[in-house]
Amino acid sequence: MSLIYVTRATQNDIPVVAAIFDQAKAFLKAAGSPQWQAGYPNADTVAQDLASQSSWVLKVDGKVAGYAAAVIGDDPNYQKIDGAWQNNDAPYAAIHRFALSQDYRGQHLAKYFMSDLISILNEQGIHNFRVDTHDLNQAMQHVATSNGFIRRGHINILDEPNDPLRWAFELNL
């Protein structure tokens, strides 16, 4: 039995997380998705997440197995939606840059990681969650829907040079 837990990321995690991002980019590219194909995310992105205290890692037996940023507050990308948010009043956490190491794919750890992250944030008083992903990112759509997120419509990512259209999902506890 493995020891599996979620904790805040540290500076020491940046190289491993950057490698996980590279693996995720290759995974998305192989699936035909343009998501994450323009250099983002990278080590600098993780450093920014650390500075804003929004970075989290999934650890398996002490090794970083996954990464996510849980950004609390208004996300400019979510202001315009072709659809409707169910809860537009309460503060929310936008979960971004969700990625799992290729060494741990197929073990259902992404579902656990998302569930545990939601539980941690719920205990901090956040009860509204949002995620977005490209239409061709079936893996992330599955992670979202298997954790109770509802598809609310399309958004456009403001700084995305390739294909900015994303499905937007919401979970309200």
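Computed from the coordinates by the stated procedures, all read-outs in this text should not be read as laboratory data. Note that the coordinates shown come from a computational prediction; the quantities given were computed from them, not determined experimentally. Cβ coordinates were reconstructed from backbone atoms using ideal geometry, including for glycine residues, and neighbour counts include every protein chain displayed.
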task = Provide the per-residue ³J(HN,Hα) series for region 146-163, in order, calculated from phi with Karplus coefficients 6.51, -1.76, 1.60 and θ = phi - 60°, each as a whole number of Hz, with x at glycine and proline positions.
result = 6, 9, x, 5, 10, 5, 10, x, 9, 10, 10, 6, 5, 9, 8, x, 8, 9
task = Note down the nm distance, to one decimal, between modelled labels 7 Å out along Cα→Cβ at Asp74 and at Gln48.
result = 1.9 nm
key: Backbone N within region 93-130 under 17 Å of label point (7 Å from Asp159 Cα along the Cβ vector)   = 94-98
task = Quick one, can you get me the convex hull of the C-alpha atoms of the chain expressed as volume per residue in Å³?
result = 109 Å³
request  = Just name one of Pro164, Ile20, Gln124: the one whose Cα is farthest towards the positive end of the charge dipole of the chain (beta-carbon charges, Lys/Arg +1, Asp/Glu -1).
outcome  = Ile20
key: Dipole magnitude of the chain, debye to nearest 20 (Cβ charges: Lys/Arg +1, Asp/Glu -1, about Cα centre)   = 360 debye
Region 110-173: proportion of alpha-carbon pairs further apart than 13 angstrom, % = 63 percent
